[in-house]
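Report on the structure given below.
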Amino acid sequence: MDYQTARGGWCTMIEREDLEPPQEIQWCPGCGNFGILRALKQAVMELSNSKHEFFLVSGIGQSGKTPHFINLNGFHTLHGRAIPVATGAHVANTDLKVIVHGGDGDLLGEGLGHLMHAARRNVNITCLLHNNGVYGLTKGQYSPTSPHGFVSKTSPPPTGVPMDPVNPLGVALIGGATFVARGFAGDIKQLTELIVDAVKHPGFALVELMQPCVVFNPKWGWDFFRERVYKLEDDYDNKSKTAALEKSFEFGDRIPTGVFYKQEKTHFVQELQLPEGRLRDHTNDREEIQNIIDEMLV
Amino acid sequence: MDLSFNIGGAAGQGINTIGDLVAQVFVKNGLYTFTIKDYMSRVRGGYNFTQIRVSDEHVHAPVHGVDVIIALTKDAIINQRDRLVEGGVIIFDESLGFEECERCHLPLPLEETAEEVGGNVRMMNAAALGALLSVLKMPISLAENALADIFGDKGESVVEGNVKVARTMYEEVKGELAQRCDHDFSSVEKGPSEDRLLVTGNQAIALGAMAANLKWISAYPMSPSTSLFQFIIQNSRRLQIGGLQTEDEIAGLNMALGASHTGARSMVTTSGGGFSLMVEAVGLAGMAEIPIVIYNAQRPGPSTGLPTRTEQGDLLFMLHSSQGEFPRIMIAPKDPLEAYYLTKDAFRLADKFQVPVMVLGDQHLAEFTMNIPRIEIGEVDMDRGKLAEKPDKPYKRFKVTDDGVSPRAFPGDEEVVVAASGNTHNEFGHISEDPDNRNAMVEKRLAKLPWILDELEEPKVYGDKKADYTLLTWGSTWGAAYEAMQRLSQDGISINQLHFAYLYPLKTETLKEIWEKAKKLISVEQNATSQFAKLVRMESGLSVDEEINKYDGRPMTPEWIIKQLEEVGVQ
């Protein structure tokens, strides 16, 4: 089916084969990332954008490899720095649907400050946080979301991890994100809906994706989540930030999923008053530069 | 005519205002000025001074010897009086109660006159100006027109008040008091200024960036780069340049890389400590071949060092910044006019070769003010280098080419998928650990170097090409070294100056030519370890004979260089 693109061209519906991985997928068998990739593909097909309008920016780690496993514009950047890179890309071309992929170490360790500030700016990008509670690529150290007492290669018994985990949804809410949600890699249908809604949302959207790492964090296996996740009740009010914050601390025997918070307000580029059209195509007015110079004449 | 004034006092006393006023008065009357601000890293108090040189010819550096000191505190008198030249004078407010007065001391009722004649203590600036013109026996008319221009916006009564205050002080000093100073410039008459822009290096760099079609700037404030960032941000709405003060320097550079990768010409501004934080992203620019302009207004380090002082201490750090090997371009402007053109060129080179381009300024270049001719903006530079007009399908962002530069498409271009990675990648931008691919990609990136070298300008030789002695300089030390070289040449010494604006990759042809002719090569650097001389040795195998270094954080003066040269046997 043909439809018109943001720049006036015509585009054909994205088919699954358009997204075939450009290279062999290197995730371990049983990895939660497979479910996330499936949901991402499904979401991309459901969103009515043409293929060139998507731009995936990732950090480091297994989640960081996502852009190599789907045939879309992608930039696999540095550990923790995907959000600033994505912000710059979004500013230069607001037609792009910029989607960040980062792990719990990436976005909540090295990149925690950037996450908070992007949320505060309400940058119109989508941030998909792959949370497996452990460092996978470096093979088994604790992560910012590992539970207190978690035994890992850098948190030996008897203490295990000597501190409480970061609350990703709470951090995003306090930062000022205007769309905050959680999904589970084992529920592709819900995850797809969450990604579609997050990309459509005009502002900073954080979606935490519970993603089992069957090798280094077997405690958080498929069954662990299947037994605990539940969808937020129908009467849950996702307009209330305090309710969302309270809900974000519920992570134990029961793990809520769905949209915790959703609110619209002006987002970053609207505040910047950039030129009509794409910044990347804009030319500085040379007469205006000459005026600036001439105003400096003594 | 070559005069120098120092205006000294505590931070917050309005030294800069008097300095700007004095400089503008002379510039408006067709003279050339050179101004530096010497200040401490504090908001109020302490001891700061502004130096203004005035001449009927271009001047390029601060000097040690001072003709007139205007002191607003006792400290300013004590700190400066040893620099006074014979026949010079120190003007200060009589309320300071400085008692051990010598002939050259000129206590005056500056504040009182401002209050009583002008009705506003702030007109003390005009009082000082009147006194200054009087001791130099210059016509008061110099001040009258200029004050009208400068304060015209504030209304007629302000102009009149200032003129009255200046004239009162002028008359009071005239005669006996003025005789304390031997200078007599009563005959100095110049027309209105022809070279009318009075700018700092930071302002000129900002203008160069605007003319190069800068579209995005993200930075974190850090002295002495901040004024450049602020200047662009202040004008960003008029030119529709996107800009953001980021949470840190790490975000600053990464955000600029995101914008540049997506097609907007981008830059970051910082100083050494901020650049330290950016280093990781410099490597990302190298690996993903993203054009970017990085401005470092160097200041003395390591760590926080001397925040408001000057040094050329980051050259080798920037040359080697980031792990791994990849090409980069390093440029160091000598003065504001050159800073404008080199900054424009920095953006062109960044796009042409898809590499990081580092512009090395320093606090001295960033903040000294001099007159330059009005800049004609001409066409805004839209040359983006090699673009993928008819891209391969699938598109190869990192296609191997003879010159190492791959045609660029941007994420968002229709019918193209653009992939990139900070990991070693194949031509498509996807991760590859294949050893042959690794070699091909390393070689592709490094293949740019000879082409870059072809594009850069040779260093300039000032003075007699065949001179016995050669001063080797780079960046902002040019001015003091140039004046030292000129003074020595006038004294009959066979000396020239070899100056580099493009530092890396290093052009060696002129260098070798001069090397063969000179009996002694002397590097002059604002650092302790002669970093540029090291770079020269590394790239050419040639060594300097003598090294002159200044690292106290204060800019060089011609006198200081001449003294150092005497010590190494130049006479």
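Please tell me if A:Ile83 is of a type in the set (Val, Ile, Thr), in contact with a Cys (Cβ under 7 Å, 6 or more places away or on another chain) and facing chain B (nearest Cβ under 10 Å).
Yes.
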*asked:* Among the residues in the range B:322-343, are any assigned to a helix (DSSP H, G or I), free of Cβ contacts under 8 Å to residues at least 60 places away in the same chain and either surrounded by fewer than 22 Cβ atoms within 10 Å (Cβ to Cβ) or under 20 Å from the mean Cα position of the chain (by Cα) (or both)?
replied: no
*Considering only residues of the range B:268-290 that are more than 29 Å from B:Val400 (Cβ to Cβ) and either of a type in the set (Phe, Trp, Tyr) or out of contact with any Leu (no Cβ under 7 Å at 6 or more places or on another chain) (or both), which is most open to solvent (accessible area, probe 1.4 Å)?*
B:Leu277
*Having 3 or more residues that are open to solvent by less than 70 Å² (accessible area, probe 1.4 Å), in contact (Cβ under 8 Å) with a residue 12 or more places away in the chain and farther than 19 Å from A:Ala82 by Cα is the bar; report the helices (runs of 4 or more DSSP H) wholly within the range A:135-239 that clear it.*
A:188-200, A:222-228
_Pull out all pairs, ordered by first then second residue, where Cβ-Cβ is under 6 Å, the residues are six or more apart or on different chains, the first lies in the range B:174-202 and is over 19 Å from B:Asp335 (Cα atoms), and the second is in a helix (DSSP H, G or I)._
B:Lys174/B:Ser134; B:Ala178/B:Ser134; B:Ala178/B:Val135; B:Cys181/B:Val135; B:Ser193/B:Val27; B:Ser193/B:Lys28
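Residues checked against (1) assigned to a loop (DSSP other than H, G, I, E, B); (2) of a type outside the set (Gly, Ala, Ser):
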residue: A:Pro29; (1), (2): yes, yes
residue: A:Ala43; (1), (2): no, no
residue: A:His52; (1), (2): no, yes
residue: A:Thr66; (1), (2): no, yes
residue: A:Gly74; (1), (2): no, no
residue: A:Gly80; (1), (2): yes, no
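Can you name every residue in the range B:216-243 that is more than 10 Å from every other protein chain (Cβ to nearest Cβ) and more than 16 Å from A:Asn284 (Cβ to Cβ)?
B:Ala219, B:Tyr220, B:Pro221, B:Met222, B:Ser223, B:Pro224, B:Ser225, B:Thr226, B:Ser227, B:Leu228, B:Phe229, B:Gln230
Report yes if some residue within the range A:70-79 is more than 12 Å from chain B (Cβ to nearest Cβ) and either on the phi < 0 side of the Ramachandran plot or not acidic (Asp, Glu) (or both); otherwise report no.
No: the range A:70-79 contains no residue that is more than 12 Å from chain B (Cβ to nearest Cβ) and either on the phi < 0 side of the Ramachandran plot or not acidic (Asp, Glu) (or both).
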_All positions within the range A:42-60 that are away from chain B (no Cβ under 14 Å) and within 28 Å of A:Glu110 (Cβ to Cβ)_ = A:Ala43
*Taking B:Asp248 and the conditions (1) out of contact with any strand residue (DSSP E or B) (no Cβ under 7 Å at 6 or more places or on another chain); (2) within 30 Å of B:Ile52 (Cα to Cα); (3) modelled with pLDDT of 95 or more, which numbered condition does it fall short on, given that it satisfies the others?*
(2)
*Does A:Leu191 satisfy the condition of being in contact with a Leu (Cβ under 6 Å, 6 or more places away or on another chain) and aliphatic (A, V, I, L, M)?*
no
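Is it the case, given these coordinates, that A:Leu245 is out of contact with any Lys or Arg (no Cβ under 9 Å at 6 or more places or on another chain), hydrophobic (A, V, I, L, M, F, W, C) and either farther than 20 Å from A:Val123 by Cα or surrounded by 15 or more Cβ atoms within 10 Å (Cβ to Cβ) (or both)?
Answer is yes for this residue.
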*asked:* So if I check each of B:Asp38, B:Asp56, B:Asp2, which one is of a type in the set (Asp, Glu) and either buried (at least 17 other Cβ atoms within 10 Å of the Cβ) or closer than 21 Å to B:Arg122 by Cβ (or both)?
replied: B:Asp38
*Hits in the range A:36-60 - residues which are open to solvent by 10 Å² or more (accessible area, probe 1.4 Å) and small (Gly, Ala, Ser)*: A:Ser48
*Assuming A:Val269 fulfils every condition listed in (1) over 19 Å from A:Asn122 (Cα atoms); (2) modelled with pLDDT of 95 or more; (3) within 14 Å of chain B (Cβ to nearest Cβ) apart from one, which condition is it?*
(1)
*Among B:Gly475, B:Gly492, which is at pLDDT 95 or above and either more than 20 Å from B:Leu360 (Cβ to Cβ) or aliphatic (A, V, I, L, M) (or both)?*
B:Gly492
_Here's a check for you: in the range B:282-297, which residue that is in contact with a helix residue (DSSP H, G or I) (Cβ under 6 Å, 6 or more places away or on another chain) and more than 12 Å from chain A (Cβ to nearest Cβ) is farthest from B:Glu427 (Cα to Cα)?_
B:Ala297
*Please name all residue pairs, on different chains or six or more residues apart, with Cβ atoms under 6 Å, provided the first residue is in the range B:23-39 and is under 23 Å from B:Thr310 (Cα atoms) and the second residue is surrounded by fewer than 20 Cβ atoms within 10 Å (Cβ to Cβ).*
B:Tyr39/B:Thr308
*Being among the small types (Gly, Ala, Ser) and closer than 15 Å to B:Asp75 by Cα is the filter; apply it to the range B:85-135 and report the residue that is most open to solvent (accessible area, probe 1.4 Å).*
B:Ser95
_Some residue of the range A:100-111 being open to solvent by less than 10 Å² (accessible area, probe 1.4 Å), facing chain B (nearest Cβ under 10 Å), within 22 Å of A:Leu191 (Cβ to Cβ) and aliphatic (A, V, I, L, M)_ = no
_If A:Ser63 satisfies all but one of (1) within 12 Å of chain B (Cβ to nearest Cβ); (2) crowded, with 24+ Cβ neighbours inside 10 Å, what's the number of the condition it fails?_
(1)
*Identify all residues within the range B:344-370 that are of a type in the set (Val, Ile, Thr) and part of a strand (DSSP E or B); write none if there are none.*
B:Val357, B:Val359, B:Thr369
*If you check B:Ile205 against the conditions, is it more than 11 Å from chain A (Cβ to nearest Cβ), under 22 Å from B:Gly274 (Cα atoms) and either touching a residue at least 24 places away in the same chain (Cβ under 8 Å) or crowded, with 24+ Cβ neighbours inside 10 Å (or both)?*
yes
*Failed criterion for A:Glu17 (all others in (1) surrounded by fewer than 24 Cβ atoms within 10 Å (Cβ to Cβ); (2) in contact (Cβ under 8 Å) with a residue 24 or more places away in the chain hold)*: (2)
*How many residues does the range B:5-35 contain that are of a type in the set (S, T, N, Q) and open to solvent by 10 Å² or more (accessible area, probe 1.4 Å)?*
5
*Failed item, numbered, when A:Glu276 is tested on (1) open to solvent by 50 Å² or more (accessible area, probe 1.4 Å); (2) more than 28 Å from A:Pro84 (Cα to Cα)*: (2)
*Does A:Glu246 satisfy the criteria of being within 14 Å of another protein chain (Cβ to nearest Cβ) and either modelled with pLDDT under 95 or in a helix (DSSP H, G or I) (or both)?*
no
*In this structure, is B:Thr246 closer than 25 Å to B:Glu289 by Cα, within 11 Å of another protein chain (Cβ to nearest Cβ) and touching a Gly at 6+ places or on another chain (Cβ under 6 Å)?*
yes
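The values are calculated or read from the model by the stated rules, or taken from the named source; none is laboratory data. Just so you know, these numbers come straight off a predicted model, no measurement behind them. Counting neighbours? That spans all protein chains shown, and the Cβs are built from the backbone with ideal geometry, glycine included. For the accessible areas, the whole protein counts, side chains as well, though only heavy atoms, and no ligand, DNA or RNA atoms are used. Shrake-Rupley method; radii C 1.70, N 1.55, O 1.52, S 1.80 Å.
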